[in-house]
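One structure is given below, encoded as C-alpha cells.
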C-alpha cells in the first residue's frame, strides 16, 4: 500500500507541479493546488494560493483564477487571470503538466543509469537444434562481439538485429576460448505474436540466453556414461585426461565441447569432478570415450568447423542427456514430484508427438488447449505412457485474459543467466542524457501502442487503470528500488502521453480548445465551453470505468483471495 501511495503521489505531484510552476512563471495567479480529489484532508493558504491534500489519491488539479471571463476574482488578482493570458502562455501552462511527467521519467531513468543498469550479456547460453546458428557453427559460451561489423555488448542488441534480419545473410564476430572467429548465418523467418497481440514476421537465429547447467541424465545402461559411474542428476563440474589439469565445465555446452575434444585426443584415464547429493566427488574411467563409443569424423575437424549438433550427438552417443526434459524434485515445493511423474522421468512425447528439445516441447505445450494430455516418458530406460492433468492459470494478454496450460513438472536442468554487463553513467550529465534518451524511446513505443489501441488493432481489454497501476507498484516494490523506479518512469510516460489525448478535460483537449479560440480570434461562448467540458467528463469517466472493469476482470480472483484469505 505504501508503494502505491508513493508512486501515485509522485506522479500526481509532478504533473500538477508542472502546471503550477509554468502558470506562475507566465504571470497567472493560482487559486488552488490540490493533490487528490474529493474531501479535503489537509489544507493551508500561502499568499493567493490554497494548498490541499484530498482523500482520493487518483489525481489532482491546479485551479487558476479567472478560468473564464465570467468568473469573479478577488481584489489584487485583476490582470493575472488565466483567460487574460495570451495563447502561448496558456498553451505552455497546460503542456507543462505532461512535460513534468516526461521530466520525472527522465530523472528516474537518469538515477537508474547512475546506479548502473544490469543487462544480459551478448553470450550464447544454448544453441537450438536445427537453427541457423547451429548450422553456422555457433557454440554455447560464444561471446558475440560484433554483428555485421557493428559492436554489440548486450543480448537485446542481438535480438533487435536478428529480428529485423529475417532471411538476410549476416556475419557474427565471435570470441571463443581466446580466439576471434567469424561465422555467416541467415536467420529463419518465423511468425510470432508480439506484446501488442499482433502477428508479425521476425528473424530467428536459433540461440538462447539461458546457460544450461551441466546436470546430466543417463540415457542407457550400456552407455559410456553409465559405465564410468555417472548417474542421473549428477552435475559435472570439471573434466581432466590422464592427470592433466582439470578443465572447468560451467554449462552443458562447455561440457559437450570438452568431451568432443577429449574424444579425439585423450587415450588415458578420464576423471570427472561431479556434485552428487550436494557433495563433490571424483569418478574416473580408464577408456577414452572416443575409442569405442563415438565415431570421430575422419577429417579431424575442430570445434567451430562443425555444427554444434554434431557435438550434441556425440554426447548422446556417450549416453549423456542435458537434463532439460528430465522431471526432478523442485526444491521450493513440499511435494517433490507431482504425480503421475516420478523423479528421473525423461519426457519424449507430448500427445503422441515427438519433439526436438525443450523448445520443441514448449511449442507443443503452448499450442495445446486441453486440460488433460498423454505424455510418454522414459523411466528406468523403458518408455511408458502417462495421462497428465495440466496446471491451468489465467494469463493477461493483449487480446484479453486467456487460460494457459502448463506441465506440472520441474526439470533437472534449469537454465540460468550469465553474469550481466553493467551500463553505468558516472557523469551526472551523461546519466541525464541517458534518462532523456530512454524517455524518448519509451514515448515512441507507448505512442505506437496507444495508436494501435485507438485504431482497434489492440483490443480495449488491454487497457489498464488504477488497480493495474497499484498492482504494478506493489509487485515492483517487492523486487527492489530499481524495479520500482523503472515502473514509476514508465507509468509517468504513459500518464504524460494519455493527458495529451485530444479529449475535453484532459490537457490535450484544453490545448485543442485554445487552438480553436486562436483560429476564431475570440473566446468560445459559455454554452459551448460548458458542453465541451461535459463531453470531456463523460469521455474520461467512460475510460476510467472501462479500465477499472478490465482491471477487475484480470484481478478479481487474487483480490477475493486477498480479502478472504487462503492460497
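The values are calculated or read from the model by the stated rules, or taken from the named source; none is laboratory data. This one's a predicted model, so the numbers in the text were calculated from it and none came from an experiment. With ideal geometry, Cβ positions are generated from the backbone for all residues, glycine too; neighbour counts draw on all protein chains shown.
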Would you be able to say whether some residue in segment 544-552 is surrounded by 13 or more Cβ atoms within 10 Å (Cβ to Cβ), modelled with pLDDT under 70, over 21 Å from residue 443 (Cβ atoms) and under 23 Å from the mean Cα position of the chain (by Cα)? yes
Listed residues 348, 375; which is crowded, with 18+ Cβ neighbours inside 10 Å, in contact (Cβ under 8 Å) with a residue 24 or more places away in the chain, touching a strand residue (DSSP E or B) at 6+ places or on another chain (Cβ under 6 Å) and not in a helix (DSSP H, G or I)? 375
Unmet requirement for residue 232, which otherwise passes all of (1) over 15 Å from residue 316 (Cα atoms); (2) at pLDDT 90 or above: (1)
Of the conditions (1) surrounded by 15 or more Cβ atoms within 10 Å (Cβ to Cβ); (2) modelled with pLDDT under 85; (3) assigned to a loop (DSSP other than H, G, I, E, B), residue 80 clears all except one; give me its number. (2)
Output the residue which, of all residues in segment 1-24 that are out of contact with any helix residue (DSSP H, G or I) (no Cβ under 8 Å at 6 or more places or on another chain) and closer than 14 Å to residue 82 by Cα, is surrounded by the most Cβ atoms within 10 Å (Cβ to Cβ). 20
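Rundown of residues vs (1) at pLDDT below 90; (2) touching a helix residue (DSSP H, G or I) at 6+ places or on another chain (Cβ under 7 Å), yes/no style:
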{"position": "139", "(1), (2)": "yes, yes"}
{"position": "144", "(1), (2)": "no, yes"}
{"position": "152", "(1), (2)": "no, yes"}
{"position": "161", "(1), (2)": "no, no"}
{"position": "168", "(1), (2)": "no, no"}
{"position": "178", "(1), (2)": "yes, no"}
{"position": "215", "(1), (2)": "no, no"}
Are there any strands (runs of 3 or more DSSP E) wholly within segment 165-261 with 3 or more residues that are farther than 25 Å from residue 415 by Cα, over 23 Å from the mean Cα position of the chain (by Cα) and not assigned by TED's automatic domain parsing to the domain that holds residue 367, and if so which? 179-185
